[in-house]
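Below: one structure, written as structure tokens.
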Amino acid sequence: MNEIVFFINKGITSGLIIGSIYALGAIGVTLIFGILRFAHFAHGDMMTLGAFVTLILTAALASLGIVLPLPLAFIAMFPAMAITACLAIGLDRVFYKPLRQAGARPVVLVMASVGVTLMLQGLIRLFAGVRSRDMFIEAPKEIFRIPFPGASRPLIITEPQVLLIVFTFVAVIVLHWFLTRSRLGKAMRAVSDNPELARITGINTNHVVWATWIIGGALACAAGTLLSMDVTLKPDLSFNILLPIFAATIVGGIGQPYGAIAGGFLVGFSETLAVFNWAILLRPIKDHLWFEVPANLALVPTQYKLMVPFLILIIVLIYRPTGIFKGRVL
Amino acid sequence: MSLLDIRELHAGYGVMSILKGINMSLEAGEIGVIVGPNGAGKSTTLKAIFGMLNITEGSISFDGTDITGIRSEQLAEHRIAFVPQEHNVFPTLSVHENLEMGAYVRRDDFSSVMDHVYDIFPPLKDKRNQPAGELSGGQRQMVAFGRALMIEPKLILLDEPTAGLSPMFMSQIFDRVIAINRTGVTVAMVEQNAKQALAIAHKGFVLAGGCNSFTDTGQNLLNNPEVAASFLGG
Ligand SMILES: Nc1ncnc2c1ncn2[C@@H]1O[C@H](COP(=O)(O)OP(=O)(O)OP(=O)(O)O)[C@@H](O)[C@H]1O
Ligand SMILES: [Mg+2]
């Protein structure tokens with residue numbers, strides 16, 4: 001039974017956690033691609049930026065001596081999401097909008113977003129240094145140990161992990177409602193479908209662009225904050241997650257928000273299950289097996305985890321270039 | 001004063017000039033039909049009216065206001081609607097959502113207009129929750145037409161509404177154009193089926209090489225031997 005507990009802790013929970021982070025990031029990337037037609041490489045650093053905004057607000061709350069039933073960082077995340085959304089609109093105003101208006105080709109915008117990435121990384125290091133920080137300023141994070149029947153070890157999940165899963169679930173439902181029920185959400189889908197016809201129809205493209213950055217920026221901030229709460233906040237937080245997020249976007253189907261969610265979890269679970277040591281699950285039945293169970297039976301060594309999204313990406317691009325949800329082909 | 005008045009319009013794509021002096025006017029309540037060979041600049045003329053091109057010379061006025069070079073987004077508020085020749089529906093949106101998007105600029109209750117559109121195009125009612133991209137060409141044309149009607153336009157621009165439709169469907173679409181026109185909507189329509197279209201037109205415009213070569217009533221154009229010989233296939 002302990003083996004199953006281990007599998008749930010290391011395989012299922014981890015997959016769910018990292019999958020949620022990827023999904024939250026990929027939704028933004030896919031919406032930005034659908035509406036503005038370029039791959040936003042600065043998205044990872046928007047996550048770091050959002051997490052730092054949260055950290056500043058958390059420190060402010062903590063210095064006021066406020067104590068709440070939920071972690072302060074989680075509470076501070078909501079105003080930080082609003083601030084990051086505004087910053088995202090600001091970045092668009094200053095860096096991307098002038099290019100769009102000059103009729104720049106998408107690849108130029110991609111390059112501009114690489115520039116924004118470097119700029120944000122520089123700014124964050126300039127003001128915050130390079131050390132890693134704990135998002136739990138007021139009290140250590142709570143860890144839930146849930147006894148599992150028949151096992152001596154408990155299921156382990158931390159408070160930020162629970163908050164992340166709940167937040168992602170709620171965010172997906174709200175996003176679905178927004179895209180299918182609200183006037184602006186439908187207009188976003190219309191612009192993503194056919195921007196020229198959307199203009200002909202009288203849809204205000206500026207509002208749609210703002211909505212895109214608001215959703216993308218807010219969810220990036222949430223993903224960055226919740227990931228930093230799960231581990232720690234480092235200025236290079238974005239570095240290891242940008243690639244899997246892009247893989248999730250493409251695997252799900254570019255421009256497809258539901259695809260981004262599915263792609264996020266697919267990439268997240270593939271990663272954790274690929275590095276999971278399957279030998280542990282085989283050990284209890286090793287007497288009935290015809291082969292010797294090795295000590296470590298992971299598909300991929302942990303150091304090579306980043307290979308997994310690449311591999312999924314290549315397979316998808318070869319066999320189903322439109323992704324799971326029939327998105328655009330690059 | 002004419003509802004739509006186009007004077008000496010010169011326009012093109014970027015630096016490439018296509019229209020070289022188009023003159024066109026429509027009175028309120030008329031059907032105007034634009035015919036001409038492929039590449040004559042018919043679609044380009046509609047796009048120029050709809051603010052999608054570089055206008056280098058000339059003017060367009062609508063209902064007494066100058067709308068030359070106005071942005072497409074703003075024309076819906078002037079109650080001008082446009083159904084382009086291609087890509088004229090939102091493929092992943094349902095039929096119903098396509099119609100709702102047609103009414104995007106409206107802040108009032110448009111449910112009666114929606115019902116009216118479903119009455120004009122009954123096949124759409126059964127397909128209302130299906131993505132428009134999954135419909136047949138004729139049904140898609142109906143969605144595009146219906147979408148444009150949602151603002152209750154004063155002027156509707158139609159670019160080849162019968163392209164690719166069977167003869168029976170074609171006459172159905174023409175019947176709808178006449179019916180909509182009877183409710184007071186001015187129609188400017190580009191058509192390849194020149195004879196049938198000119199037959200229902202109050203005014204006809206023959207374009208060739210980016211200019212008007214003939215302008216007259218629909219009937220007179222049909223009877224004009226020169227027009228018949230060069231543009232109507234004898
Ligand atoms: N997007 C574009 N960019 C550059 N040139 C274009 C574009 N669209 C059309 N043209 C050119 O403008 C000219 C007129 O095209 P237009 O589409 O107006 O013809 P049309 O009369 O509508 O023909 P058809 O009957 O085939 O629809 C053509 O020579 C065409 O090559
Ligand atoms: Mg044409």
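The values are calculated or read from the model by the stated rules, or taken from the named source; none is laboratory data. Everything numeric here is computed off the predicted structure, so don't read it as measured data. In this analysis, Cβ positions are derived from the backbone assuming ideal geometry, glycine residues included, and neighbour counts consider all displayed protein chains. Ligands, DNA and RNA are stripped out before the accessible areas are found, and what is left, the full protein with its side chains, is counted by its heavy atoms. Shrake-Rupley method; radii C 1.70, N 1.55, O 1.52, S 1.80 Å.
Numbers at a glance
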item	result
Contact order relative to length of chain A, as percent, for alpha carbon pairs under 8 angstrom and 6 or more apart	33
Stretchable slack from A:Arg125 to A:Asn240, in nm (0.36 nm times residue separation minus alpha-carbon distance)	39.7 nm
B:Thr183, A:Thr272, B:Thr215, ranked by accessible area, largest first (probe 1.4 Å)	B:Thr183, B:Thr215, A:Thr272
Diffusion coefficient, µm² s⁻¹, Stokes-Einstein with Kirkwood Rh over alpha-carbon pairs of the range B:89-148 at 4 °C and 1.567 mPa s	116
Crossing angle, helix B:167-182 versus chain B [Cα axis fit, 0-90 degrees, rounded to tens]	90
Sequence-distant residues sharing a close amide H with B:Thr68 (under 5 Å, placed H)	B:Ile60
Area projected by the alpha carbon convex hull of chain A, averaged over all directions, nm²	19.5
Accessible area per residue in Å² at 1.4 Å probe, computed on the protein assembly as shown	44
Assigned charges on the beta-carbon of Lys, Arg, Asp, Glu; the protein assembly as shown dipole about Cα centre (debye)	1100
Angle in degrees between helix A:257-275 and the longest Cα principal axis of chain A, rounded to the nearest 10	30
Within the range A:2-319: Cβ-based charge dipole about Cα centre, in debye rounded to nearest 20 (Lys, Arg +1; Asp, Glu -1)	620
Environment charge of B:Lys47, counting only residues whose C-beta is closer than 14 Å and scoring Lys/Arg +1, Asp/Glu -1	-1
Over the protein assembly as shown, equivalent-ellipsoid semi-axes from the Cα gyration tensor in Å	57, 25, 21
Acute angle (nearest 10 degrees) that the helix A:106-128 long axis makes with the longest principal axis of chain A, alpha-carbon atoms	60
Check: the range B:89-148 dipole with +1 on Lys, Arg Cβ and -1 on Asp, Glu Cβ, in debye	160
Radius 14 Å from Cβ of A:Met1, net charge of other residues (Lys, Arg +1; Asp, Glu -1)	+1
Chain B, relative contact order in percent, only Cα pairs under 8 angstrom and at least six apart counted	27
Inter-chain shielding of B:97-110 (mean C-beta neighbours from other protein chains, 10 Å cut-off)	3
Cα gyration tensor shape for the range A:1-58, rounded if a/c is under 1.5, else prolate or oblate	oblate
Translational D in µm²/s for chain B (Stokes-Einstein at 25 °C, 0.890 mPa s, Kirkwood Rh from C-alpha pairs)	137
Dipole of chain A [Lys/Arg +1, Asp/Glu -1 at C-beta], most positive-end residue of A:Pro235, A:Ala298, A:Leu68	A:Pro235
Exercise: per-residue mean of other protein chain Cβ atoms within 10 Å, A:243-255	0
Karplus 3J(HN,Hα) series, Hz, for the range A:42-49 with 6.51 cos²θ - 1.76 cosθ + 1.60 (x for Gly, Pro)	7, 4, x, 6, 5, 5, 4, 4
Order of exposure, largest accessible area first, which applies to B:Phe82, A:Phe7 with probe 1.4 Å	A:Phe7, B:Phe82
